[in-house]
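Colleague: Quick one: the structure is below, and I'll ask about it shortly.
No lab work stands behind these numbers, since they all come straight from the coordinates. None of the values given here were measured: they were computed from a predicted structure. Counting neighbours? That spans all protein chains shown, and the Cβs are built from the backbone with ideal geometry, glycine included.
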Amino acid sequence: MQPNVNVVSLVSIGRHPQSGRSRRAEQDGRAVELGLSLVGEALTVVHVGEDQDPVLRQYAGMGLPSMTVLSQGKECDALPVLTSFLKAQLPSVVLTGVRSESGESSGMLPYLLAEALGWPLVPRVAEILHIKDGQAEVLLALPRGQRRSVQVTLPFIASVDNAAQEARQTAFGPGLRATLHVETVDSVVDDAAIQWEMSAAKPRPKRLKVVKAKTAADRMKAATAKPVGGGGKIMKNETPAEKAQAIFDLLLEEKVVR
Amino acid sequence: MSNFSSNDDALHSVFRRDLRTEWIARNRLHPLHDSVVSAQQGGEVRGPTGLLRKNPHVIGFIGPNGLKRIDRANGSFVAIGGKKRVPSAKDSQRPLHLVENPEGYIMVVGDMIGGRLTSHDKDILGLAHQLAAEKSKVAVVLVCFGENKETQCDLAGVDRVIHLEGNVFEGFAPEAGLSVLQQIETSYQPMHWLFPDSVHGGSDLGSRLAARLGERPATQAWQVTSEKTISRGASGSQDISRTTPRILMLMEECANAVEDTRHEALPLALEFDVSMAEGDHRLIDQGQIDVDSNAVPLAEAEFILSAGNGIHNWDQFHSAAAALRATEGASRVAVDDGFMPRSRQVGASGTWVTARVYLAVGISGAIQHMQGIGQCDKVVAINTDAGCDMVKRADLAVIADSEAILAELTRLAQQRELSKEEEESDAA
Ligand SMILES: Cc1cc2nc3c(=O)[nH]c(=O)nc-3n(C[C@H](O)[C@H](O)[C@H](O)COP(=O)(O)OP(=O)(O)OC[C@H]3O[C@@H](n4cnc5c(N)ncnc54)[C@H](O)[C@@H]3O)c2cc1C
């Protein structure tokens, strides 16, 4: 635990994928979890939006003595409010989710914050290994379960991936007892978003496999053929060492062996 | 102007039927029937005794599957047309789509996993052409970083390429990529920037560019015309429709890939000094770290070493997988015989894998197994039987005993590990 760094986690209202009810957002919960593991109760958790939302108590129930709410309406833009808040607070680490579960879900907020504050951004963080001498070593979650280690200078913004430590269970009572510091702020209405048309998501058409064959014989072939690759190289008479070298060269060329 | 070049000799290769001779050849009562048929069979032939000889070999014709067909209607079209139409190489080539002196550009920044276009990239190139078709003289430009191994850029719909190579673009280097994109923005002012909305870096780079240029992008877009864009919002539960912005991050299958045309894929000049791309010193990439390859879910694994009935030394197989840092897979026989756990089975009744490299050792390639590896990029087979289906599917097949090859591979992997360690200790 590093009690001397100032860590802020940003949280939003999530949406349950099946029932559609509001809930603690998956990645934001992980951002709080990561923040708690870094600095414990010294973590600052910030929400921009309505201060009465019961979901805030679910975050608080993760063991937070208090939370900060920058109170504004649903149609307002969170970015200017957060920028001025962070400029005033000057934290060392800001943790967010990758993509919110409600609203536009564009995932742009961490990028816009980083741009506005001029801080570096590390996307899709799985773990923050340690923070030392104004440097942090973080692990990025790459596709296919791979990890990349990156050293980043404080202060920085990190978006937290689903590969990070899962959020702990929330406790109902402590969540209710936590204090909410509500700050009223000058909010800006998101004009562009008001002109959008929102509708329930239409299922996307499945792509059909169209066989472009001119003759019936070709179509028959396409329907019955076994999946056969386009005639690869076959090595028969070389020594085992040469054959193994050929395989190993291919593995190196494809960068699966580093 | 974009036009399609026509191949000049197209007219000569058109198959023309002479309907009148065909009709005469069918009609045995026609006064000219005999002469037409004998001309068709190369004139009548008389034997030494003056008898009329019929050549049984010219009766009928060879059908498309190589079998001889006899046309009882006696009007074999193929023969009467004189020459059978031979498909030339030129026919199978698609028409070339030319863009000379383009006035606008659409930039597509591909993921290029492993240096090749992904199907996601190809879909986006297809979409770029839909957008380009609504105006004239618009070129679709592929922007790619690092190694480019793609050989079919022209068929995927790339009019121009901006290709940047160099150590600065290797690994995690978002700032270097971003500085290139900014340079492209000032040089070319593209009509659109298209990115794949993917975890492979497309959405990261796109978001960075949008934040830098101060433009609001559409993310998770899946239906795009030049006026209107429909994108998913609220974790995929809502559709947002809006006017099409300049920067788009697109979902998979947002459009069909280019299928009918060939493109130039010419390099596009970009004045860019790679030393300028040194980027942000606040982010230092320390490289990919080794993860436990067997903890990676089989369906997601990048490199799978798979064992079949042709493995007899299982300890050696496991140590080879560990040395190569490959995720272990197995065929059903290996699982049923109890050598591997059920969760490692690849195939129709196991896991469908998406590995970039699939190394099959002693697997014959039964159809149930092949279904499971349909999405693998490169398949390598080690087998004693040169005629088996896995060897036919493989990009590289080695006909040898599995034990000998695995021993060699383990040795090579260990050697490389050692030399890497030496390098590191030298550097330190
Ligand atoms: C309903 C159903 C579902 C099935 N689902 C699956 C499935 O999901 N996955 C699956 O894998 N199978 C499945 N099967 C089984 C499948 O049909 C095959 O039986 C199985 O894939 C064969 O496994 P194999 O290739 O390891 O064995 P074999 O067919 O016995 O092949 C062994 C290969 O090893 C080679 N070999 C032998 N000795 C050596 C040596 N010393 N060095 C190198 N090579 C050697 C041989 O030449 C041969 O090619 C299913 C079958 C059914 C009926």
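Colleague: In the neighborhood of A:R219, defined by Cβ-to-Cβ distances under 14 Å, what is the net charge if each Lys or Arg adds +1 and each Asp or Glu adds -1?
Modeller: +3
Colleague: Also, quick follow-up: Counting alpha carbon pairs within less than 8 Å and at least 6 residues apart, what relative contact order, in whole percent, applies to segment B:217-344?
Modeller: 16 percent
Colleague: Here's a follow-up. Return the long-range amide H neighbours of A:S106 (sequence gap of 5 or more, or a different chain), with a cut-off of under 5 Å between placed amide H atoms.
Modeller: Those qualifying (amide H under 5 Å, at least 5 residues apart or on another chain) are A:S100.
Colleague: By per-residue mean of other Cβ atoms within 10 Å, what is the highest-first order of A:75-86, B:402-413?
Modeller: Output ranking for A:75-86, B:402-413: B:402-413, A:75-86.
Colleague: Let me ask another. Any chance you could give the angle, 0 to 90 degrees and rounded to 10, that helix B:314-324 forms with the longest Cα principal axis of chain B?
Modeller: Around 70 degrees separate the two axes.
Colleague: Another one. State, as an integer percentage, the relative contact order of segment A:7-195 based on alpha-carbon contacts under 8 Å between residues 6 or more apart.
Modeller: 29 percent
Colleague: While we're on this one: Would you mind telling me the antiparallel percentage of the DSSP bridges in segment A:10-87, rounded to 5?
Modeller: Rounded to the nearest five, the antiparallel share is 35 percent.
Colleague: Please average, across the residues of B:210-218, the number of beta carbons from any other chain that are within 10 Å of each residue's own beta carbon, and give a whole number.
Modeller: Average neighbour count from other chains, rounded to a whole number: 4.
Colleague: Using amide H atoms built in the peptide plane, which far-off residues or other-chain residues are under 5 Å from B:R69 H to H?
Modeller: Amide H neighbours of B:R69, under 5 Å, 5+ apart: B:F61, B:I62, B:G63.
Colleague: Right, next: On C-alpha positions alone, give me the angle between the axis of helix B:174-188 and the longest principal axis of chain B, in degrees, nearest 10.
Modeller: Orientation of helix B:174-188: about 60 degrees from the principal axis.
Colleague: When you count, for each residue, the other Cβ atoms within 10 Å and take the mean per peptide, how do B:97-106, A:173-182, B:299-308, B:345-354 rank with the highest first?
Modeller: Top to bottom by mean Cβ count within 10 Å: B:299-308, B:345-354, B:97-106, A:173-182.
Colleague: Is the protein assembly as shown best put as rounded, prolate or oblate by its Cα gyration tensor, with a ≥ b ≥ c the root eigenvalues, rounded for a/c under 1.5, and otherwise prolate when a/b is larger than b/c, oblate when not?
Modeller: Verdict is prolate for the protein assembly as shown.
Colleague: If only Cα atoms are counted, what is the Rg of segment B:139-219, and what is its Dmax, in Å?
Modeller: 12.7, 35
Colleague: How well do other chains shield peptide B:227-233, expressed as the mean number of their Cβ atoms within 10 Å of each residue Cβ?
Modeller: Averaged over the peptide's residues, the number is 4.
Colleague: Per residue of B:174-183, count partner chain C-beta atoms within 10 Å of its C-beta, then hand back the mean as an integer.
Modeller: 1
Colleague: Moving on. Give me the orientation-averaged projected area of the Cα convex hull of chain A, in nm², one decimal.
Modeller: Reported value for the Cα convex hull: 22.4 nm².
Colleague: Go through A:187-193, B:381-387, A:204-210 and give me the packing order, highest mean Cβ count within 10 Å leading.
Modeller: B:381-387, A:187-193, A:204-210
Colleague: What list of ³J(HN,Hα) couplings, whole Hz, do you get for segment B:385-397 from phi and the Karplus terms 6.51, -1.76, 1.60, once you set θ to phi - 60° and write x for glycine and proline?
Modeller: Rounded to whole hertz, the list is 9, 6, x, 7, 5, 5, 5, 5, 7, 6, 7, 9, 10.
Colleague: Please state the relative contact order of chain B as a whole percent: Cα pairs under 8 Å, 6+ residues apart?
Modeller: Computed value for chain B: 11 percent relative contact order.
Colleague: Hey, another quick one. Each residue of segment A:157-174 in turn: what ³J(HN,Hα) in whole Hz from Karplus with 6.51, -1.76, 1.60 and θ = phi - 60°, glycine and Pro shown as x?
Modeller: With coefficients 6.51, -1.76 and 1.60, one gets 10, 10, 9, 9, 7, 5, 7, 6, 3, 5, 5, 5, 5, 9, 9, 5, x, x Hz.
Colleague: Relative to the longest principal axis of chain B, what angle (0 to 90°, nearest 10) does the C-alpha long axis of helix B:119-133 take?
Modeller: The answer is roughly 70 degrees.
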